[in-house]
Amino acid sequence: MLSVDAKGVFPIAPTPFLADGAIDTASVDRMIDHYVAAGADGCTILGIMGEAPKLDQDEAIGFVARCVTRAPKLPFIVGVSAPGFAAMRALSHAAMAKGAAGVMIAPPPSLRTDGRCHAKFGRREDWKSQLRFRLRWQLATSGKLLLGRRGACGGM
């Protein structure tokens, strides 16, 4: 499991697709092999590249499982952002069960301040003892330009 001591290079991996919309598993394998050969310290998947919402839950979990199986010693951080807690919780637990080191969540645009985000996500006691998470600020999708807190990882 990821800790606040994690450091190094964690590339943001795209999800490669075939022309028919299926995940290109051969490209996934080559991509993960490349990150390992290049000396990546971890990898971020299903993150901010925009393709994660195109996957259903089974496809997302299959992608996580394929990546983790390909490089079991590489810590993977999985984007689990979704409109509601139930979907985020289900994907979070499934990703962790497949070997993810942690999950990340982009707060919805309606949460305009750090305090509101931490109040919303911090009260989820049912998640706190089981998962590590990072709230992710990205101007492109959240419409916010806020400074993240050092050590913003917390139990979820």
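Sort out which residues of the stretch 1-19 are part of a loop (DSSP other than H, G, I, E, B) and either of a type in the set (Ser, Thr, Tyr) or surrounded by 14 or more Cβ atoms within 10 Å (Cβ to Cβ) (or both), and write them in order of number. Selection gives Leu2, Ser3, Ala6, Phe10, Pro11, Ala13, Pro14, Thr15, Pro16. Condition test on Met96, is it closer than 25 Å to Asp5 by Cβ and touching a residue at least 12 places away in the same chain (Cβ under 8 Å)? Yes, satisfied.
Does Val64 fit the bill of being within 12 Å of the chain's Cα centre (by Cα) and surrounded by 12 or more Cβ atoms within 10 Å (Cβ to Cβ)? Spelling it out, Val64 is indeed within 12 Å of the chain's Cα centre (by Cα) and surrounded by 12 or more Cβ atoms within 10 Å (Cβ to Cβ). Within the stretch 67-86, the only residue that satisfies the criterion of being surrounded by fewer than 16 Cβ atoms within 10 Å (Cβ to Cβ) and aromatic (Phe, Trp, Tyr) is Phe85. Within the stretch 25-56, track down each residue that is surrounded by 19 or more Cβ atoms within 10 Å (Cβ to Cβ), under 15 Å from the mean Cα position of the chain (by Cα) and assigned to a helix (DSSP H, G or I). Scanning the stretch 25-56 gives a single hit, Ala52.
If the condition is being of a type in the set (A, V, I, L, M), in a helix (DSSP H, G or I) and under 28 Å from Ala26 (Cβ atoms), then the stretch 59-89 contributes Ala60, Ile61, Val64, Ala65, Val68. For Ser81, are the conditions met, namely being among the polar types (S, T, N, Q) and touching a Pro at 6+ places or on another chain (Cβ under 8 Å)? Against the criterion (among the polar types (S, T, N, Q) and touching a Pro at 6+ places or on another chain (Cβ under 8 Å)), Ser81 does not qualify.
Annotation note: of Asp33, Asp24, Asp20, the sole residue that is touching a residue at least 24 places away in the same chain (Cβ under 8 Å) and farther than 17 Å from Ala94 by Cβ is Asp33.
Looking only at the stretch 1-24, which residues are more than 19 Å from the chain's Cα centre (by Cα) and under 18 Å from Gly62 (Cα atoms)? Within the stretch 1-24, Leu18, Asp20, Gly21, Ala22, Asp24 qualify. Each residue in the stretch 65-93 was checked for being without any contact (Cβ under 8 Å) to a residue 24 or more places away in the chain and closer than 16 Å to Pro11 by Cα, and 1 of them qualify.
Coordinate-derived values only; no laboratory data. No experiment lies behind these values; they were computed from the predicted model shown. Methodologically, a virtual Cβ is constructed for each residue, glycine included, from the backbone with ideal geometry; neighbour enumeration extends over all protein chains shown.
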